[in-house]
Amino acid sequence: MSSELPPIFVRIAYCESRDRQFDKDGNVLRGNVNPDDVGRYQINTLHWADQAKKLGFDLNTEEGNEAMALYIYRKSGTKPWRSSQKCWDKQDQAYADN
């Protein structure tokens, strides 16, 4: 993981994709609820594919998915990942309790 990523990204990646870019067959991981969500950070292609392309990020690669996640985070914080917030908040609380 890039050193410039905030620590919460570890928890978000785990909650979104079990920290995987690819499925067991080597295909880019797609969301179970929304197949437009791709990769480790489950970047929604309907909302972000055009911007990712402009920035030169390939959402299907680990590097591109992570770079786009960082771009999104810098613009909007954790809000785009609020659908998994119960998971990563719970993990955050577990860290705080230790």
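Any read-out appearing in this document is the output of simple, stated calculations on the displayed coordinates, not a laboratory observation. In this text, all values refer to a predicted model and were calculated from it rather than measured experimentally. Virtual Cβ from ideal backbone geometry, glycine too; neighbours counted across all protein chains shown.
Obtain the radius of gyration and the Kirkwood radius of the range 24-64 from its C-alpha atoms and give Rg over Rh. On the Cα set of the range 24-64, Rg over Rh gives 0.96.
Counting Lys and Arg as +1 and Asp and Glu as -1, each charge on the Cβ, what is the dipole of the chain about the Cα centre in debye, to the nearest 20? Using Cβ point charges on Lys, Arg, Asp and Glu, the chain gives about 280 debye. Placing unit charges on each Cβ (+1 for Lys and Arg, -1 for Asp and Glu) gives the chain a dipole about its Cα centre, and among G77, L59, C15 the Cα reaching farthest toward its positive end belongs to G77.
Beyond 16 Å, the tail of the calculated P(r) for the chain holds 53 percent of the Cα pairs.
For a straight C-alpha distance cut-off of 27 angstrom, the lysines reachable from K75 (same-chain residues fewer than eight places away being disregarded) are K53, K54, K86, K90. Taking every alpha-carbon pair in the range 37-83 and binning the separations at 5 Å intervals from zero gives 6, 25, 38, 25, 6, 0 percent. Take the Cα of D36, step 7 Å toward its Cβ, do the same at V10, and the gap between the two points is 3.3 nm.
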